[in-house]
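Presented below is the structure to which this report refers.
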Amino acid sequence: MASKVILFLLLALTSVILVQGRGNLSLGNNYGTHLIYHDIHEKAGIPLIKRDEEIVVNTVGNELIRAIVVQDLKGDGESYIKRGGLGQKNVTIKLKSARGSGYKFLVDVYGI
Ligand SMILES: *[C@@H]1O[C@H](CO)[C@@H](O)[C@H](O)[C@H]1NC(C)=O
Ligand SMILES: *[C@@H]1O[C@H](CO)[C@@H](O)[C@H](O)[C@H]1NC(C)=O
């Protein structure tokens, strides 16, 4: 009985950690690259609604994307790569808030 309770608590704890960790994204290595995009994206919360946004970053000339870092400054959002990405000339990043909440993300993209 007690072990079931402990197991349940462990599962609940892990899912909280997983949910909180969905907003941060770090892909690739920015060594020797330069910053091609650096911006804060912020939206206010609307009751019952999930706010979201897609950001498209394009490189210039023959540059390719080498690293993508998204920081969830508010802590309860979600971010993922929708199209493009490392080794390509563009990337589409999806940013999402929790339901009823706003978001604040810092997005950095590095190219070479
Ligand atoms: C996500 O990144 C932010 C900003 O760097 C940091 O404060 C926060 O602890 C990170 N969250 C997780 C779950 O790693
Ligand atoms: C992204 O790059 C691919 C080729 O690498 C191109 O086909 C596509 O149209 C580009 N998308 C955007 C949104 O610029």
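The values are calculated or read from the model by the stated rules, or taken from the named source; none is laboratory data. Keep in mind the model is a prediction, meaning the values are calculated, not measured. When we count neighbours, we look across all protein chains shown, and the Cβ atoms used for this are built from the backbone with ideal geometry, even at glycine.
Results, tabulated for the structure shown:
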quantity: Whichever residue in segment 70-94 is crowded, with 19+ Cβ neighbours inside 10 Å and within 16 Å of ligand 2 (Cβ to nearest atom) and, among such residues, is farthest from residue 49 (Cα to Cα); calculated: 91
quantity: Lone qualifier among 100, 61, 111 - being small (Gly, Ala, Ser) and within 14 Å of residue 37 (Cβ to Cβ); calculated: 111
quantity: Residue in segment 26-74 that is nearest to residue 112 (Cα to Cα), counting only those that are acidic (Asp, Glu) and assigned to a strand (DSSP E or B); calculated: 39
quantity: Test result for residue 74, of a type in the set (Lys, Arg) and under 15 Å from residue 25 (Cα atoms); calculated: yes
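Residues are listed down the side, and each one gets a yes or a no for (1) in contact with a strand residue (DSSP E or B) (Cβ under 7 Å, 6 or more places away or on another chain); (2) within 16 Å of ligand 2 (Cβ to nearest atom); (3) of a type outside the set (Val, Ile, Thr); (4) at pLDDT below 95:
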| position | (1), (2), (3), (4) |
| --- | --- |
| 12 | no, no, yes, yes |
| 36 | yes, yes, no, no |
| 53 | yes, yes, yes, no |
| 58 | yes, yes, yes, no |
| 65 | yes, yes, no, no |
